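Coordinate-derived values only; no laboratory data. Quantities reported herein were computed from a predicted structural model and do not represent experimental measurements. Quick reminder, even Gly has a Cβ in these numbers, built from the backbone with ideal geometry, and neighbours come from all protein chains shown.
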Amino acid sequence: MDLWSRLSECCINFYPVRKRSFGPKNILAVVHEASALGSDGESLEVSPCTSDQMSTSSCYPSSANGIEEPRYIPNVKMRQKPTRKWSEQDIQKRLSLPADIKLPQNVVDKLNRTPTLENPLTRKSRRASLNEIGFGKLETYKKIFDLGEGTYATVYLGKSLLTGKSVALKEIRLEHEEGAPCTAIREVSLLRSLKHVNVVTLHDIVYTDRMLTLVFEFIEHDLRDYMEELENMISMSNVKLFLIQLLRGLAYCHKKRVLHRDLKPQNLLINRQGELKLADFGLARAQSVPTKTYSNEVVTLWYRPPDVLLGSTDYSTHIDMWGVGCIFYEMLVHKPMFPGSTTDEQLNLIFQTLGTPTKERHQTLCEFPLFKASKLKNYKPKSIIRLAPRIDLQSADLLEKLLQYDGRQRITAADAMRHRFFNCFPEAIFSLPDTETVLSLSGVHYEHEAVASKTLQ
């Protein structure tokens, strides 16, 4: 038998055996490598295994523990799997880190020495790795100046020494007896579960005895500042761009059964690329199933729906949609729709525009004790399209669907995205991954606008 016939017979009998499982998944692969032939073409010695010998029992004898192991075969080489050298990009992906993180060399070296790098990380080992990189440490972030102060927290512009990029540092003061405020705990727990391009990113959490610091991506402006600093009104193309991003982020939250409960222009952040992000989830909460009753002391007064103003604590995702309508109007007209200073004044302003509720059309609202006790005038509803010159038929229709007295009748965020007001956007917007911006689509762009100050430039 010539050389090639012998090799062919060996291979034909060998490959069926390889298809069977012979123990652990990491068993070394067996490959044939022919040595150089002699001048006569027959000088190569091949494995003495014949077709009868090429069986599981002969070529793969069982070891002491019962696991079959490959037997040494002359002139058949075993190719060892090369040891992989892990790059920074590999480690960043493994630890779910941003691509711009500068990993300390000692961390890269240590992870490369770890034999189990390919195995899934345990929560403990991931936390240890992140801590070595610098996460969870106050010295990783440098404060530059403060951006604002609230009841429980102060927000600073900071710099991450890991990325060299700006971050927002939200320092929450801890009371020794009470610990972290419930709003901070709520914000952290919700933001850790929300991963969307239109929801602000929580990069890190630093805990000390006196302070809880939340490290957010830094975004230059909120919608309130943006509108105030423009020379003119927001262009209609940007109104549509901002509104559909607001709805997209909100639809994601509502799908995750998270209610924001504090929508207002100050909590909508806009970066230099025109991306809008939902922020400040301090009043947000996860909606339980079945629906519980919640506090009615939520949502800034101007953006609070009438059912909540009248004392309703039984609400769902529709609580946020009223605020979307008020913000939409404000972007179109550049002034708040219902700027009341008290609950009674707020209700009065709403009823002056949309009409006083009647038992025939709004029985649920009329049954609230606060409604019965209030001495409200009888107002007829005004035509929304006549409220301002910029409001056309499409925007008026969307506003009307958002500003329904009965929360159950308000349009959802997902349905609002498909309203004809947004027909200028491609259908591909509905199949975008959660982490991909609408600005990545062909034909969708942010229109840079003239500003009265240089801060937006």
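How large is the charge dipole for the stretch 138-217, taken about the Cα centre, if only the Cβ atoms of Lys, Arg (+1) and Asp, Glu (-1) carry charge, to the nearest 20 debye?
380 debye
Note the full-extension length gain between Ser440 and Val333 as 0.36 nm times their separation in residues minus their Cα-Cα distance, in nm to one decimal.
Gain on extension, Ser440 to Val333, equals 35.7 nm.
With a 10 Å radius around each residue's Cβ, average the other Cβ atoms per peptide and rank 192-198, 142-148, highest first.
My ranking of the peptides, most packed first, is 192-198, 142-148.
Would you kindly state how much longer the chain becomes between Arg192 and Lys165 on full extension, computed as 0.36 nm times their sequence separation minus their alpha carbon distance, in nm to one decimal?
Length gained between Arg192 and Lys165: 7.6 nm.
From the square roots a ≥ b ≥ c of the eigenvalues of the alpha-carbon gyration tensor of the stretch 138-217, which class results: rounded (a/c under 1.5), prolate (a/b over b/c), or oblate?
Because a/c hits 1.5 or more and a/b fails to exceed b/c, the stretch 138-217 counts as oblate.
Taking the mean number of other Cβ atoms within 10 Å as a proxy for protection, how do you rank 231-241, 162-172 from highest to lowest?
Highest mean packing first, the order is 162-172, 231-241.
Label points 7 Å out from Cα along the Cβ direction at Arg210 and Thr342: separation in nm?
Label at Arg210, label at Thr342, 4.2 nm between them.
If amide H atoms are built 1.01 Å from N in the plane of the peptide, which residues on other chains or at least 5 residues away come under 5 Å of the amide H of Leu230?
Ala452
Full-extension gain between Thr151 and Asp406, please, as 0.36 nm times their residue separation minus the C-alpha to C-alpha distance.
88.5 nm
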